[in-house]
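J.: Have a look at this one.
The values are calculated or read from the model by the stated rules, or taken from the named source; none is laboratory data. Only a predicted model underlies this, so the values are computations on that prediction, with no experimental measurement involved. Because the Cβ atoms are built from the backbone with ideal geometry, glycine has one as well, and the counts that use them run over all protein chains shown. Surface accessibility is based on the protein's heavy atoms, side chains included, excluding ligands, DNA and RNA. Shrake-Rupley method; radii C 1.70, N 1.55, O 1.52, S 1.80 Å.
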Amino acid sequence: MNLNVISNPQAAYAQIAHWRQAGQTVGLVPTMGALHAGHISLVEQARQACDRVVTTIFVNPTQFGPNEDFSKYPRTLEGDLELLRGAKADMVFTPANDDMYPPGSSTYVLPPKVSLPLEGEFRPGHFQGVATIVLKLFHLLPASVAYFGQKDYQQCQVIKQMVDELNVPMRIEICPTVRESDGLAMSSRNRYLSAPQRQSALCLWKALQIAQSLYAAGRHSIGEIEQQMRETLLSQGAQRVDYARIVDRETLLAPSEDTDAVVALIAVHVGTTRLIDNLLLEPLGAQYSVLHTP
Ligand code: AMP
């Protein structure tokens with residue numbers, strides 16, 4: 001089966017509608033390209049579970065702030081197509097900007113309130129852009145299930161809630177974060193890092209592991225653990241910490257008496273590159289599996 005590369009929205013819709021009418025399940029993997037093993041792990045999970053696998057490659061302008069890296073975001077289409085062929089994807093949708101945002105577009109999704117803390121504070125408008133493009137893609141590509149990476153934990157919560165609250169007929173699957181062998185979460189932005197910055201970038205994983213061990217030890221307050229994370233990040237190579245927080249896994253707010261489980265989330269600047277990572281923290285004795293290497 002060859003990889004079908006489609007840029008035309010009507011053609012993409014028709015292909016998926018055809019598969020669905022024939023009773024086939026379709027798995028959707030939205031991406032911004034510059035694909036790596038993390039993206040491919042989503043394609044592989046879709047391949048295992050669904051009859052057809054569709055990926056999208058679109059660098060979505062509305063989720064970038066005015067001083068962010070939209071224009072220099074890596075665009076590596078030929079290499080991406082090779083990786084998708086290797087992973088046996090059936091189709092990739094590569095729309096033009098004007099097809100996703102007809103000139104003069106002014107309609108946006110107001111994302112749910114889980115979008116407000118953390119990334120919401122440091123990247124105002126980001127999740128409005130994410131929710132808008134994801135809903136557009138869900139309309140154009142009416143798949144059975146869509147796959148997202150836990151690497152972007154808050155994004156997963158925003159999309160899950162949006163789909164629930166806007167009655168979108170799409171199942172959302174969250175897949176584990178794929179890491180390099182030394183723990184660095186794979187990211188298209190890692191290619192911005194120089195060799196010394198690549199070393200410094202390990203501070204995220206170190207801080208998350210410290211958070212896990214302090215949390216499991218059970219002798220420290222959330223505030224103390226957050227302080228330890230921050231100190232680790234700054235002493236191990238981060239220039240600036242946007243946040244290093246431990247919050248409720250559902251609300252992404254400070255844990256309360258209703259909190260069942262927590263997640264540690266980090267955003268830092270290494271050189272001029274902004275990196276994020278997270279880890280579901282487990283109490284002492286809980287089984288936890290965090291390393292998922294390709
Ligand atoms: P992006 O191209 O950065 O928008 O990412 C597209 C999808 O791949 C999103 O659902 C991401 O969460 C997911 N993703 C990115 N990096 C990883 C990773 N290291 N492991 C698993 N999924 C990832």
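J.: Provide the percentage of antiparallel DSSP beta bridges, counting only those with both residues in the chain; round to the nearest 5. Let's see the in-between values first.
T.: Values: 18 of 37 bridges.
Bridges in the chain are about 50 percent antiparallel.
J.: Hey, another quick one. Within the set of other residues whose C-beta is less than 11 Å from the C-beta of Asp90, count the net charge using Lys and Arg as +1 and Asp and Glu as -1.
T.: Net of charged neighbours comes to +3.
J.: May I ask you to derive the relative contact order of the chain, considering only C-alpha pairs under 8 Å and at least 6 residues apart, and to give it as an integer percent?
T.: With pairs under 8 Å counted, the relative contact order is 17 percent.
J.: Go through Thr76, His18, Leu140 and say which Cα lies farthest out towards the positive end of the charge dipole of segment 4-175; charges sit on Cβ, +1 for Lys and Arg, -1 for Asp and Glu.
T.: Toward the positive end, the furthest listed residue is His18.
J.: Another question about this same structure. Expressed as a whole percent, how much of the Cα-Cα distance distribution for segment 53-210 exceeds 23 Å?
T.: Roughly 46 percent, rounded to a whole number.
J.: Right, another one. Translational diffusion coefficient, Stokes-Einstein: compute it for the chain using the Kirkwood radius over C-alpha pairs as Rh, at 37 °C and 0.692 mPa s, and state it as an integer in µm² s⁻¹.
T.: The Stokes-Einstein estimate is 164 µm²/s.
J.: A further question follows. Along the positive direction of the dipole of segment 4-175 (beta-carbon charges: Lys, Arg +1; Asp, Glu -1; about the Cα centre), which of Ala46, Gln161, Pro61 reaches farthest?
T.: So the residue furthest toward the plus end is Ala46.
J.: May I ask for the net charge around Leu280, where only other residues with Cβ less than 13 Å from the Cβ of Leu280 are counted and Lys, Arg are +1 while Asp, Glu are -1?
T.: Residues near Leu280 contribute -3 overall.
J.: To continue, here is another question. What number results when the radius of gyration of segment 188-292, computed over Cα atoms, is divided by 2.2 N^0.38 Å? Mind dumping the intermediate values first?
T.: Working: Rg = 13.9 Å, N = 105, 2.2 N^0.38 = 12.9 Å.
Dividing the Cα Rg of segment 188-292 by 2.2 N^0.38 Å gives 1.08.
J.: Something else: What is the Cα centroid distance between segment 130-197 and segment 1-80, reported in whole angstrom?
T.: Taking the Cα centre of segment 1-80 as reference, the centre of segment 130-197 is 12 Å away.
J.: Let's see if you can work this out: charge +1 on each Lys and Arg Cβ, -1 on each Asp and Glu Cβ, no other charges. What is the dipole magnitude of segment 188-292 about its Cα centre, in debye to the nearest 20? Don't skip to the end; give the middle numbers.
T.: On the way: 10 positive and 11 negative charges, 150 e Å.
Computed charge dipole of segment 188-292: roughly 720 debye.
J.: Compute the angle between helix 222-235 and the longest alpha-carbon principal axis of the chain, please, reported from 0 to 90 degrees and rounded to the nearest 10.
T.: Tilt relative to the chain: about 80 degrees.
J.: Over the chain, how many pairs of lysines fall under 25 Å by alpha carbon, counting only those 8 or more apart in sequence or from different chains?
T.: Close lysine pairs found across the chain: 11.
J.: Express the relative contact order of segment 188-292 as a whole percentage, based on alpha carbon pairs under 8 Å and six or more residues apart in sequence.
T.: 29 percent
J.: Something else now. Let me check I've understood the local charge: for Pro111, count other residues with C-beta under 13 angstrom from its C-beta, Lys and Arg +1, Asp and Glu -1. What total comes out?
T.: Charge balance near Pro111 sits at 0.
J.: Just to make sure I understand: if all protein chains stay in place, what is the order of Lys151, Lys113, Lys72 by accessible area at 1.4 Å, largest first?
T.: Heavy-atom accessible area, descending, gives Lys113, Lys72, Lys151.
J.: Counting each DSSP H run of 4 or more residues in the chain as -39500 (n - 2.57), what helix-only mean residue ellipticity at 222 nm follows after dividing by all residues, to the nearest 500 deg cm²/dmol?
T.: Counting only the DSSP helices, I get -11000 deg cm²/dmol.
J.: Evaluate 2.2 N^0.38 Å with N set to the residue count of segment 1-115, then give the Cα radius of gyration divided by it.
T.: 1.14
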